[in-house]
Amino acid sequence: PIPFRAKVTLEVREPTAPYAVSFPTPGELQTPRGIMNPALSPDGNTLVFGAADHLWRQPIDGGPVERLVEGRGHEREPVLSPDGKQLLFISSEAWKDRVRLLDLDTRETQTLAEGLLYWDLAWSHDGRRVVFGGVEPSAPRPRFIVVDLYDGTTERLGPPGSG
């Protein structure tokens, strides 16, 4: 046994006010209070980031912020393609994750995978394929998923016995 003595003082402070979330008006200049997963465009002129459970884009020079995806889902983990024309991200809604691809010019989205949980999105250097980790209902053990964007094929990689 080691002898131990401590003097403890209990201090009570006034509670802090809850943090209020506010969404910017389209076209309004607003400084984000907290951003997640910032992604700089390949040309260095634009920042894509997560804030308030949605994805946003803003010019580095401080121009207006714009929300990239409309809807009720929560978007996260934005990853820009090597040419900066597409955005890979995860959308979560109703206890289900979707890996989605957004064309930044047309604003069209495409769902590449749908399952329980996805993470660590990445592009191949040529922009042809994407890879990410995931857990899907058909195979509840984690694995890597590779999607070829040109021919639409999907390959699931995992340890032996992962299905």
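Wrap a convex hull around the Cα atoms of region 63-111, take a quarter of its surface area, and give that in square nanometres.
So the Cα hull casts an average projection of 3.9 nm².
For every other residue with a beta carbon closer than 14 angstrom to the beta carbon of Val79, add +1 if it is Lys or Arg and -1 if Asp or Glu, then tell me the sum.
Charge balance near Val79 sits at +1.
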Practice task
Can you list which of the GluC sites (Glu not before Pro) found in region 94-163 are DSSP loop residues with at most 15 other C-beta atoms within 10 Å?
Solution key: Glu108
Handout entry: Size of electric dipole in the chain: Cβ of Lys, Arg +1 and of Asp, Glu -1, about Cα centre, debye, nearest 20
Key = 800
Fill in the blank from the handout: Checked against the positive end of the charge dipole of the chain (+1 on Cβ of Lys and Arg, -1 on Cβ of Asp and Glu, about the Cα centre), the farthest of Thr25, Pro137, Ser124 is Pro137
Practice task
Convert each backbone phi in region 61-70 into a coupling constant with the Karplus relation 6.51 cos²θ - 1.76 cosθ + 1.60 (shift: θ = phi - 60°), then list the ³J(HN,Hα) values in order as whole Hz, x for Gly and Pro.
Solution key: 6, x, x, x, 7, 9, 6, 8, 10, 8
Fill in the blank from the handout: Karplus ³J(HN,Hα) for region 132-148 (6.51 cos²θ - 1.76 cosθ + 1.60, θ = phi - 60°; Hz, whole; x = Gly/Pro) runs 7, x, x, 10, 10, x, 6, 8, x, 8, x, 7, 9, 10, 10, 10, 8
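Leaving out ligands, DNA and RNA, what percent of the accessible area of region 49-163 is carbon and sulfur, probe 1.4 Å?
51
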Exercise for the section: Please return the longest stretch of the chain lacking exposed loop sites, where chymotrypsin sites (Phe, Trp or Tyr not before Pro) count only if DSSP places them in a loop and at most 11 other Cβ atoms lie within 10 Å. Expected result: 20-94
Problem - Accessible surface, per residue, of the chain when the full set of protein chains is kept, probe 1.4 Å, Å² - result: 68
Problem - Taking the C-alpha atoms of region 28-118, convex hull volume expressed per residue in Å³ - result: 97
Fill in the blank from the handout: Normalised Cα Rg of the chain, dividing by 2.2 N^0.38 Å with N its residue count, works out at 1.37
Problem - Cut-off under 5 Å, modelled amide H: who pairs with Leu68 long-range - result: Leu55, Trp56, Arg57
Problem - Residue-by-residue Karplus 3J(HN,Hα) for region 76-89, coefficients 6.51, -1.76, 1.60, Hz, glycine and proline x - result: 7, 6, x, 9, 7, 5, x, 8, x, 9, 10, 10, 9, 7
Practice task
Place +1 on the Cβ of every Lys and Arg and -1 on the Cβ of every Asp and Glu in the chain, take the dipole about the Cα centre, and give the residue among Leu68, Ile35, Tyr150 whose Cα lies farthest towards its positive end.
Solution key: Ile35
Problem - Value in Å of the Kirkwood radius, where region 105-163 supplies the Cα pairs that are averaged - result: 12.3
Problem - Nitroxide proxy distance, nm - points 7 Å out along Cα→Cβ at Ile35 and Tyr150 - result: 3.3
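The values are calculated or read from the model by the stated rules, or taken from the named source; none is laboratory data. These numbers were taken from a predicted model, which means no experiment stands behind them. All Cβ positions, even for glycine, are placed from backbone atoms using ideal geometry, and neighbour counts span all protein chains on display. These area figures cover heavy atoms from the full protein model, side chains too; ligands, DNA and RNA do not enter into them. Shrake-Rupley method; radii C 1.70, N 1.55, O 1.52, S 1.80 Å.
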